[in-house]
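The values are calculated or read from the model by the stated rules, or taken from the named source; none is laboratory data. Computed from a predicted model, the values in this text were never measured in an experiment. As a convention, Cβ positions derive from the backbone with ideal geometry for all residues, glycine included, and neighbour counts pool all protein chains shown. To get the accessible areas, we keep the full protein, side chains included, count just its heavy atoms, and leave off ligands, DNA and RNA. Shrake-Rupley method; radii C 1.70, N 1.55, O 1.52, S 1.80 Å.
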Amino acid sequence: MNVTKFIDDTDSVRVARVDQGHLVPLQLGSYANLGEVLAEASPIEVIRSLEEDSPLEISQSIRWLPPIDNQEVWAAGVTYKRSQTARMEESEAAASCYDRVYKADRPELFFKATPHRVSGHLEPLRIRSDATWNVPEPEITLVLSPEMRIVGLTVGNDMSSRDIEGENPLYLPQAKCYDQCAGLGPWITLYDSLPPPADIGVDLKIDRGGEIVFDQQTSAAHMARSFEDLVGWLGRDNSFPSGAFLMTGTGIVPTTEFTLHPDDIVHISINGIGTLSNPIVQS
Ligand code: DO4
Ligand code: MG
């Protein structure tokens with residue numbers, strides 16, 4: 001089952017089930033928002049029990065919102081060999097840190113975004129005005145209940161300024177967390193049990209003026225850590241009263257000569273979930 005948020009014709013924020021080319025708006029009843037539904041023991045059953053309004057055909061005019069309410073967004077790093085290699089190339093000073101964290105028990109986990117910094121499907125993502133080398137990071141993103149249960153998956157884009165991150169590892173929060181730094185959507189796919197990692201393929205395409213200038217694929221089977229391991233570390237002595245989103249790291253990093261340009265369109269597809277597309281802006 002897929003569930004998302006959008007803005008309807010009366011400019012109200014609505015929650016909807018996504019069903020074969022249609023959005024089916026839900027009457028949330030006593031639930032304040034989608035986040036509260038996701039916090040339930042069985043969100044799929046709750047959504048089935050909520051009343052539905054007439055379906056709307058999914059068209060260009062749908063105003064998508066990221067499927068987030070009050071949750072924090074966290075991210076894991078260096079969970080794929082490709083990310084370890086790219087980070088070691090980018091930063092002489094931090095090469096040994098990235099090498100060690102790839103093999104260590106404790107993963108790299110960092111705070112990525114508050115909800116107001118997150119863009120949904122077709123909303124812009126930003127290149128920092130003071131950055132010169134920027135990439136999207138296509139990441140399978142876990143949707144976690146306040147009890148740290150994985151209730152679903154969504155598509156995530158962990159936008160990164162590689163020149164800032166590479167200059168000094170202490171600049172990581174600035175390379176990662178700023179306005180419009182994170183993409184989530186177009187919806188959350190809810191699962192009773194997750195598919196095997198080999199079935200969760202990730203595809204990144206970058207469109208520049210109608211031409212695909214980057215196109216690569218990976219899958220969760222190449223991850224050096226399990227989702228459950230990452231969630232276990234995130235939840236250590238750390239509480240999430242509204243739940244959380246956890247981006248699980250990138251397995252695709254373009255080679256060093258590649259940087260994003262304003263007006264590029266980034267398309268990230270994950271098998272079994274969908275495609276998140278965002279135009280890139282820079283002020
Ligand atoms: O420390 C660098 C960030 C790593 C990251 O975001 C990733 O591997 O996805
Ligand atoms: Mg990342």
**Report entry** Close pairs from region 167-183: first in a loop (DSSP other than H, G, I, E, B), partner among the basic types (K, R) and within 11 Å of ligand 1 (Cβ to nearest atom), Cβ under 6 Å, at least 6 apart
**Finding:** none
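State whether the residues of region 138-159 include one that is of a type in the set (G, A, S), within 18 Å of L260 (Cα to Cα) and open to solvent by less than 10 Å² (accessible area, probe 1.4 Å).
Taking every residue of region 138-159 in turn, at least one turns out to be of a type in the set (G, A, S), within 18 Å of L260 (Cα to Cα) and open to solvent by less than 10 Å² (accessible area, probe 1.4 Å).
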Report task. Please identify the pairs in which a residue from region 82-105 that is under 17 Å from L230 (Cα atoms) has its Cβ atom under 6 Å from the Cβ atom of a residue that is more than 9 Å from ligand 1 (Cβ to nearest atom), counting only partners at least 6 apart or on another chain. Result -> Q84/Y102; Y98/M88
Report task. Scan region 117-133 residue by residue and report those that are within 23 Å of I270 (Cβ to Cβ) and either open to solvent by 40 Å² or more (accessible area, probe 1.4 Å) or over 22 Å from the mean Cα position of the chain (by Cα) (or both). Result -> R117, L122, E123, P124, R126
Report task. Quickly run through region 101-116 and pick out the residues that are crowded, with 16+ Cβ neighbours inside 10 Å and either away from ligand 2 (no atom under 13 Å from the Cβ) or not assigned by TED's automatic domain parsing to the domain that holds E257 (or both). Result -> Y102, P115
Query raised in the report: G185 fails exactly one of the following numbered conditions: (1) within 16 Å of ligand 2 (Cβ to nearest atom); (2) within 24 Å of I62 (Cβ to Cβ). What is the number of that condition?
Result: (1)
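Mind telling me which of the residues G29, G35 ends up being outside the structural domain of D163 (by TED's automatic domain parsing), at negative phi and either surrounded by fewer than 17 Cβ atoms within 10 Å (Cβ to Cβ) or in a helix (DSSP H, G or I) (or both)?
G35 is the lone residue from the list that is outside the structural domain of D163 (by TED's automatic domain parsing), at negative phi and either surrounded by fewer than 17 Cβ atoms within 10 Å (Cβ to Cβ) or in a helix (DSSP H, G or I) (or both).
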**Report entry** Residues located in region 38-83, provided they are hydrophobic (A, V, I, L, M, F, W, C) and within 16 Å of ligand 2 (Cβ to nearest atom)
**Finding:** V73, W74, A75, A76, V78
Report task. Pull up region 174-189, narrow it to residues that are farther than 29 Å from M1 by Cβ and open to solvent by 40 Å² or more (accessible area, probe 1.4 Å), then point me to the one that is nearest to ligand 1 (Cβ to nearest atom). Result -> Q174
Query raised in the report: Right, Y98: within 16 Å of ligand 2 (Cβ to nearest atom), farther than 29 Å from P25 by Cα, out of contact with any Phe, Trp or Tyr (no Cβ under 7 Å at 6 or more places or on another chain) and open to solvent by 30 Å² or more (accessible area, probe 1.4 Å) or not?
Result: no
Query - Residue ID - least open to solvent (accessible area, probe 1.4 Å), chosen from residues in region 191-210 that are assigned to a strand (DSSP E or B) and more than 22 Å from A113 (Cβ to Cβ) - result: G201
Requested in this report: Restrict the check to region 211-223 and report whether at least one residue is open to solvent by 50 Å² or more (accessible area, probe 1.4 Å), more than 16 Å from ligand 1 (Cβ to nearest atom) and part of a loop (DSSP other than H, G, I, E, B).
Outcome: no
Query - Residue list for region 220-235, filter: over 25 Å from P115 (Cα atoms) and either of a type in the set (V, I, T) or at pLDDT below 95 (or both) - result: none
Report summary line: Conditions (1) buried (at least 21 other Cβ atoms within 10 Å of the Cβ); (2) farther than 20 Å from G235 by Cα -> Y171 fails only (1)
